[in-house]
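Here it is, the structure in full.
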Amino acid sequence: MERALLVVIQLESDKKRWPLEDIAFELEELVVSSGTEAVDTITCIRHKPTPNFFIGRGKIEEIADLSQELEVDTVIFSHDLSGTQQRNAEEVIGKKTIDRTQLILDIFARHAKTPEGKMQVELAQLQYLLPRLIGKGVILSRLGGGIGTRGPGEQKLEVDRRKIRKRIDTLKDELAHLSVHRKVLRKRRKENAIPSIALVGYTNAGKSTLLNTLTGAYQIVADSLFTTLDPLSRNIDLANGEQVIISDTVGFLNNLPHHLIEAFKATLEEVVEADLLLHVIDISNPLAHEHAKAVFSVLKELKVDQKPIVTVLNKIDLIEERAGLDYYINDFDNAILVSAKTRENIDLLLKRVENNFQDRMATLYVLLSHSRMDLVDLFYRQGKVHDIEYSAEGIKIRVSLPKIISHKLINNKEIAEIY
């Protein structure tokens with residue numbers, strides 16, 4: 001296992017949002033998720049970054065001495081470095097030096113399973129590398145071994161900026177083609193009056209566990225960051241007969257770099273197109289409120305922060321003092337307390353979802369001829385049949401259906417008689 005020394009930096013602009021110990025804790029979680037051992041952590045408080053090393057020369061030399069003493073393989077900075085800062089730091093430290101974005105991309109590369117997910121990771125990595133090639137030559141031969149190097153560099157090619165730009169354009173074209181295919185599928189769902197729900201939330205909030213609980217899907221879950229990278233969609237039949245599509249999405253993170261959001265917009269399209277968002281929050285985490293703010297920051301960037309949102313306060317099974325849970329209910333909008341793991345209050349969550357789509361349904365009394373069993377099948381598949389009676393004059397049914405379907409029945413008397 002690769003050994004890493006963590007450099008946790010707090011700038012003046014960070015103090016209002018995240019304390020130094022919280023920045024350190026999250027970086028440690030990221031490192032563990034990358035399959036690397038965090039040997040030690042060194043902290044640094046600065047008013048603003050320096051152009052040469054991001055931190056002071058003296059601190060860099062201290063890091064160099066400690067990294068030699070601890071025999072680490074990699075030094076990881078909690079903030080993003082420019083190409084110049086990274087090269088200068090690496091020359092003094094004498095060890096491979098990466099920043100937070102490279103670490104996140106490494107985790108993405110580990111968890112991408114589908115061709116689309118791998119393309120998105122490669123696109124993000126190349127967009128990260130491109131501005132860092134200026135002035136350092138075009139040799140990327142160090143890529144391919146260890147943390148921060150997985151992905152497009154595994155072939156150890158010497159790639160120049162022109163080739164990288166060409167590859168970026170190719171990836172964008174391929175992802176755009178897949179996007180068109182997804183739009184066709186979503187259009188078909190909308191024509192069939194099937195609403196969609198997207199699970200959003202901070203990474204490791206329990207979205208995949210909730211998806212598994214709600215749908216019986218077998219999405220991989222783990223107590224680590226960014227376990228889910230590729231979106232997964234499944235059907236749910238609500239108690240009122242409404243059928244909905246629910247999708248899991250990539251977890252968000254505090255101060256998620258803009259170009260990562262851009263690269264993963266293909267995955268986040270499910271969020272943009274959803275009729276309802278379930279914002280999953282790990283309420284057992286001391287940083288729950290900060291995580292919620294970070295998620296809303298990304299939702300605002302995606303221009304979906306005004307969509308209907310149900311706040312799912314998850315992992316209440318980890319809360320020992322239940323008396324204080326009401327405080328959380330009052331502290332978040334449209335919130336419900338659940339445990340995806342133990343299924344506590346899952347029925348209440350489904351009822352909340354059902355209420356959100358209640359105005360999409362209409363109850364009809366329909367008389368069908370015996371030859372229209374295809375419609376009986378449709379009613380059972382896309383609605384909820386309350387009563388059905390077979391008689392000589394036909395089939396009498398009381399059924400709740402999506403309004404888009406009920407309107408077609410009402411407007412076409414040849415299909416069915418409404419009474």
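Each reported figure results from applying straightforward, stated rules to the coordinates on display, with no laboratory input. All of these numbers come straight from a predicted model, not from anything done at the bench. As a convention, Cβ positions derive from the backbone with ideal geometry for all residues, glycine included, and neighbour counts pool all protein chains shown.
In which sequence would PHE357, PHE296 go, from the one with the fewest C-beta neighbours within 10 Å to the one with the most? Intermediate values should be presented prior to the final figure.
On the way: PHE357 18, PHE296 15.
Result, fewest neighbours first: PHE296, PHE357.
For the residue pair LYS293 and THR84, what label-to-label distance in nm results when each label sits 7 Å from Cα along the Cα-to-beta-carbon direction?
Result for the modelled spin labels: 3.2 nm.
Related question: Highest mean first, how do 337-345, 3-11 rank when packing is the count of other Cβ atoms within 10 Å averaged over residues? Provide the component values of the computation, followed by the final result.
On the way: 337-345: 18.9, 3-11: 22.0.
The most tightly packed comes first, giving 3-11, 337-345.
D for the stretch 360-418, whole µm²/s, Stokes-Einstein with Kirkwood Rh over alpha-carbon pairs at 10 °C and 1.306 mPa s: what number? Each step should come with its number before you reach the end.
Numbers: Rh = 11.2 Å.
For the chosen part, D equals 142 µm²/s.
Given the C-alpha centroids of the stretch 1-49 and the stretch 359-375, what is the distance between them in whole angstrom?
Using only Cα atoms to place each centre, the spacing works out to 61 Å.
A follow-up question, please. What's the exposure ranking of ILE410, ILE397, going from fewest to most Cβ atoms within 10 Å? Kindly include the intermediate steps, with their values, before the conclusion.
On the way: ILE410 15, ILE397 22.
So the ranking, lowest neighbour count to highest, is ILE410, ILE397.
Continuing with this model, one more query. What FRET efficiency comes out for the pair SER371/LEU348, r = Cβ-Cβ distance, R0 = 45 Å, nearest 0.05?
Numbers: r = 43 Å, r/R0 = 0.94.
That pair, SER371 with LEU348, gives E of 0.60.
Going by average Cβ density within 10 Å per residue, which order do the peptides 367-379, 105-117 take, highest to lowest? Working shown, then result.
Details: 367-379: 14.8, 105-117: 19.7.
Result, highest mean Cβ count within 10 Å first: 105-117, 367-379.
Once you put a point 7 Å from the Cα of SER284 and another 7 Å from the Cα of ILE45, both along the Cβ direction, what distance in nm separates them?
Taking the simple label geometry, SER284 and ILE45 are separated by 3.2 nm.
Within 10 Å, count the other beta carbons around each residue, average over each peptide in 32-40, 380-388, 273-281, and list them highest first. The partial results should precede the final answer.
Values: 32-40: 18.2, 380-388: 15.3, 273-281: 21.9.
Averaged packing, sorted descending, gives the order 273-281, 32-40, 380-388.
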